[in-house]
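See below for the structure under consideration.
The values are calculated or read from the model by the stated rules, or taken from the named source; none is laboratory data. Quantities reported herein were computed from a predicted structural model and do not represent experimental measurements. A quick note on method: Cβ atoms are made from the backbone with ideal geometry, for glycine too, and the neighbour counts reach across all protein chains shown. What goes into the accessible areas is simple: the full protein's heavy atoms, side chains included, and nothing from ligands, DNA or RNA. Shrake-Rupley method; radii C 1.70, N 1.55, O 1.52, S 1.80 Å.
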Amino acid sequence: GATPPRPRQAAPASHAAVQVAAQDPGAPVAVTKDALPDAPDGPPVAMAPVDPVPVAPADPTPAPASPEPAPAQPADTAASVPPATSGPLEATPRYKVSLPPSVRLSYDMARTDANGTQWSGVAELRWQRSGGSYRLNMEAGVSLVVTRLNLLEMSSEGSIGEDGIAPRLTTEKRRGRAAMATHFDAERKRITFSASERSYPLTPGAQDKASVPVQLAGIARADSGQLGGGIDIMVGDDRDAAVFHFVLVGQEEIDTPMGRMATWHLARPPRAGAYNARLDVWLAPQHDWYPVQIRNTESTGAVTTQTVREIVLTDAGT
């Protein structure tokens, strides 16, 4: 077969303008900011691994009166950390993890809303590791005539240990929403949220929404045989936590702007009481198992797909 495309070394990535088009008519339509999809209607980007929508009744705890989230700082005393509202989550296995090198992944993004309206845009994941720490940034949005409008910005920072990524703080800002923070307190072993009074035990290998695809890459990179038995990862969302159950669908070739790629396809089917959307991730073994395609299928039928168009190694030595 043809030699697979290779990632290039750190040259600045340039984003071509992306038209935002309606499904009908075929010609591009004029777009205003008000015509763009609002983040509260559903995750505008698959890279945020699903905005979990609990099937169980909503948390009866009233939301804070202030429109702004609580300051993004750990609690000062153990007494200020509320007890878990849902009890301990199920135990998750511990996996061998070998995290990939620092990289910038650029994606083409396509979304079809439940009503058939189609949107296109771009997304970017920047994974930077340095010694025993890491930082991960993700952005997704659409390009207008003279500017780019971000629909989602996420950041994750923390340490790297024997269980792979160990988040300390995650922040998320969606268009039309206030910023939210999720704290992973290693000392008190709790996950807490600025947007909710809930609290959950922090277990080894727990992740945030931004870090899940890179952690999956690290698990596959350490030993791809681990994928065959399924992967369970506890994930702290913006106001809750749940165990993501991934199953191996199979090995597939997919089309990308970089050419055809051999991939391993993982899926997280909907799970009653935890999340009602499906998340699919395609990992590329010939590219350090980076996530080269991600798809989020919401319960409404809306589908968002990200497909890699550029892989730029930012530090091949780490």
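Within the stretch 261-277, can you find the residues that are part of a strand (DSSP E or B) and in contact (Cβ under 8 Å) with a residue 60 or more places away in the chain? Answer for the stretch 261-277, where residues must be part of a strand (DSSP E or B) and in contact (Cβ under 8 Å) with a residue 60 or more places away in the chain: Met261, Ala262, Arg268, Tyr275. The set of residues from the stretch 267-296 being touching a strand residue (DSSP E or B) at 6+ places or on another chain (Cβ under 8 Å) and open to solvent by 40 Å² or more (accessible area, probe 1.4 Å) comprises Pro269, Pro270, Arg271, Arg278, Pro285, Gln286, Asp288, Arg295. Of the candidates Gly141, Gly176, Gly131, Gly164, the single residue that is in contact with a helix residue (DSSP H, G or I) (Cβ under 8 Å, 6 or more places away or on another chain), at pLDDT below 95 and of a type outside the set (A, V, I, L, M, F, W, C) is Gly176.
Right, Met234: in a strand (DSSP E or B), touching a residue at least 60 places away in the same chain (Cβ under 8 Å) and under 27 Å from Ser194 (Cβ atoms) or not?
Values: in a strand (DSSP E or B): yes; touching a residue at least 60 places away in the same chain (Cβ under 8 Å): yes; under 27 Å from Ser194 (Cβ atoms): yes.
In short, yes.
Please work out which residue is farthest from Met138 (Cα to Cα), limiting yourself to the stretch 167-204 and to residues that are without any contact (Cβ under 8 Å) to a residue 40 or more places away in the chain and under 18 Å from the mean Cα position of the chain (by Cα). Here the residue is Arg168. Every residue in the stretch 199-239 that is open to solvent by 30 Å² or more (accessible area, probe 1.4 Å) and over 19 Å from Ala91 (Cβ atoms), please. If the condition is that a residue be open to solvent by 30 Å² or more (accessible area, probe 1.4 Å) and over 19 Å from Ala91 (Cβ atoms), then Arg221, Ala222, Asp223, Ser224, Gly225, Gly228, Arg239 are the ones that fit. For the stretch 92-130, the set of residues classified as in contact with a Gly (Cβ under 8 Å, 6 or more places away or on another chain), of a type in the set (Lys, Arg) and not in a strand (DSSP E or B) consists of Arg94 only. Restricting the stretch 242-266 to residues that are open to solvent by 10 Å² or more (accessible area, probe 1.4 Å) and within 19 Å of the chain's Cα centre (by Cα), the residue that is nearest to Arg295 (Cα to Cα) is His265.
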